[in-house]
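Reviewing the structure listed below.
What follows is calculated from the coordinates using simple rules that are stated; it is not laboratory data. Since the structure is predicted, the reported quantities are computational estimates derived from the model, not experimental observations. Here the Cβ positions follow ideal geometry from the backbone for every residue, glycine too, while neighbour counts run over all protein chains shown.
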Amino acid sequence: MRRHSRGMVRLGVATVLAAAALSLSGMPAMAQGPTDVRINEVESSGGSPGDWVELTNIGTAAVDVSGWVVKDNDNSHVFTVASGTSLAPGGHLVLDVDPVFGLGSSDSVRLYQPGGTTLVDSYTWTSHASTTYGRCPDGTGTFTTTSSSTRGAANACPPGTWPGGTAVATADDANVFGTNLSGLSFQSSGVLWAVKNGPGTLYRLVPNGAKWTPDTTGGWSSGKALHYAGGSGDPDAEGVVSTPDGVVVATERDNSNSGTSLLKVLRYDGSSTATSLTATAEWNLTADLPSVAANSGLEAISWIPDTYLTAHGFHDEHTNTAYDPGAYPGHGSGLYFVGLEANGTVYAYALNQSGGYTRIATVSSGFAAVMDLEYEPATGHLWAACDDTCDGRTATLDINAQGGLAVTAVYKRPSGMSNYNNEGFALAPQDTCSGGHKPVVWSDDDNDSSHALRSGTLNCTS
C-alpha cells in the first residue's frame, strides 16, 4: 500500500539521467525560464527506487532549477532540488521525491520556484496510474496514462484515434499489382506514384472513379522497370517521393544480389517515355548508415523544402547550428528524409547533385520499424507509418523549440481497416479537401484479398 511519509523532511538529490542532457555547475549563466519547465511524468506507485517526478524543459535555453521545490498535496512535504542543478533545452530531470515523501493514490504534484511560494506547474490525480501519468505529447500536452514508464526520457504516449474517417475501401482492381507494392507519393490530385520492390518497378497511377489504375499513356500501362545509374541491376524499390528534383526512390538492395544490403537513393525522370528507367542520379548511403540485413534497409523517403526548415529553425547536427541551405551548394531546394526499417530511425540528408551527401539529422520515429514517410505541407507534419509490426500505426513528427524533429502524436489505424502489411502511405494534396476531409491511400505489400491499394480519409487541418 502506498503511503505518505511522515516526520522530518529532508533535502533530496536530483537523479540525473543520460537522456536528460543535464548540465551542472560550471557552465555559463543560464536564462531563467520558469514557464518553459514543466512537470512531465509522475510515478506514484511501484517506482524504482521509489516515487519520482520528472521535469522537462520545452524552451531553447537551459534553466537553473537550483532550490526549486516540489510538494504533494501536503504543504509540509517539501522536496528541494539540489544546488547547481540546471535543465537543458529538451532535457529530462528525474527527482526522486521518495523517501522525502510518498505519492498517494489520490494526490498532487506541485512545482515551485525557490522559496516554495511561486507555483510553476501542478498535476492532480484521484487514483494510481497503471503505469505513470505523463504529458502527451511529451512536454506540451495534457496528462494521460502512459503506455509504459519512461523515466528520464520522452513519454510513451498511447495511440489516439485515427484523425479521419473510420471507413476504408479498396482502391484498385483485383490483382493489378500482386504482391510487393511498397511506397506511395502524390504528385498532384491526379497523379499517384507507386513503387514495387520485386522486381523494382515504378508506376504512374491516375484516378478511375474511386480507384487508382496504371496510366495507359507514355508506356506506363504495366509500370516501368528500374535500373541503377549505370543502366544495370534491379533496385529493390521500397519508398518513393515526388519532388522538384524528379521522382526519387529509396532502395535497400540490388535484387540481382539479394543477400547484400545496398542502401541507395535513386532519382528518375518521371516524364520519360522509355520502356524502362535508368537512374539520372544515385546516392549510396550504405557506409553512412548502420549495418543492416539485406531485407531491413531503406523503406521510406520524403522531402521537405528548405523554406519550411529554415522558417522553423531546423537544427543541423552536422554544424551544430541552425540549418543553413547555403552551406550545402548543389543540394537543390530541400532535404531528403529516409527511414530505416531495421531500427525505425529517420535520417535527414542534403543530397548533392554530383552524388555526394551530408547527413543533417538523425531522428527517432518512435516505432520499431518505419515503412513510409510523408511530409504534409499544410500542417508541417512529417508522418511516419509502420506496418503490421506496429498494428498499422502512424505518427506525426514536428520541429520543436530546440530545432529537432520529435514525435507529437501517435495514431491507431482507421477502425475499418484490418492489420495489413501496409508499406506505403500517401496523403492527397490539400486542394483535394472536401467536407473537411482529404484522401489517404495505403499500399499492402501482401496484396491481401487480391488488393494492394486501400483508401480512406484524413481531417483537413492547417
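Think of each Lys and Arg Cβ as +1 and each Asp and Glu Cβ as -1; about the Cα centre, that makes the dipole of the chain roughly 820 debye. Taking each residue as 0.36 nm, the span from A153 to A274 lengthens on full extension beyond its C-alpha to C-alpha distance by 38.5 nm. Ranking T132, A322, P244 by how far each Cα lies toward the positive end of the dipole of the chain (charges on Cβ) leaves T132 at the top.
Nearest 0.05, what FRET efficiency do S66 and T379 give at R0 = 35 Å with Cβ-Cβ as r? It comes to 0.35. Neighbours of T260 by Cβ distance under 9 Å: Lys/Arg scored +1, Asp/Glu scored -1, total 0. The count of lysine pairs in the chain with alpha-carbon distances below 20 Å, taking only pairs 8 or more places apart or on different chains, stands at 6. Remark: spin-label model distance S256-T142 equals 5.8 nm, labels positioned 7 Å along the Cα→Cβ axis. Projecting each Cα onto the charge dipole of the chain (Lys/Arg +1, Asp/Glu -1 at the beta carbon, about the Cα centre), which of N155, G297, V206 comes out farthest on the positive side? Of the listed residues, the answer is N155. For Rg/Rh (Cα atoms, Kirkwood Rh), the value computed from the atomic coordinates appears in the list [x] 1.04; [y] 1.00; [z] 1.23 under label [x].
Between Y308 and A327, the contour length at 0.36 nm per residue exceeds the Cα-Cα span by 5.2 nm.
In this simple spin-label model, placing a label point 7 Å from the Cα along the Cα-to-Cβ direction at both T124 and T166 gives a separation of 3.5 nm. Each helix, a run of at least 4 DSSP H residues, gives -39500 (n - 2.57); summed and divided by the residues of the chain, these come to -500 deg cm²/dmol at 222 nm. Centre-to-centre separation between the Cα atoms of region 391-462 and those of region 227-269: 24 Å. The slack in the chain from A293 to S434, taken as 0.36 nm per residue of separation less the alpha-carbon distance, amounts to 46.4 nm. Of the residues V69, G46, S189, the one whose Cα sits farthest towards the positive end of the charge dipole of the chain is V69 (charges of +1 on Lys and Arg Cβ, -1 on Asp and Glu Cβ, taken about the Cα centre). In a reduced charge model with +1 at each Lys and Arg Cβ and -1 at each Asp and Glu Cβ, region 324-462 shows a dipole moment near 340 debye about its Cα centre. Each label point was placed 7 Å from the Cα along the Cα-to-Cβ direction; for T216 and D398 their separation is 4.5 nm. Net charge in the neighbourhood of T118 (other residues with Cβ under 14 Å of its Cβ; Lys, Arg +1, Asp, Glu -1) is +1. Between S232 and K412, what's the calculated FRET efficiency when r is the beta-carbon distance and R0 is 41 Å? Round to 0.05. Plugging the Cβ-Cβ distance into 1/(1 + (r/R0)^6) gives 0.45.
For region 109-223, the relative contact order comes to 12 percent (Cα pairs under 8 Å, sequence separation of at least 6).
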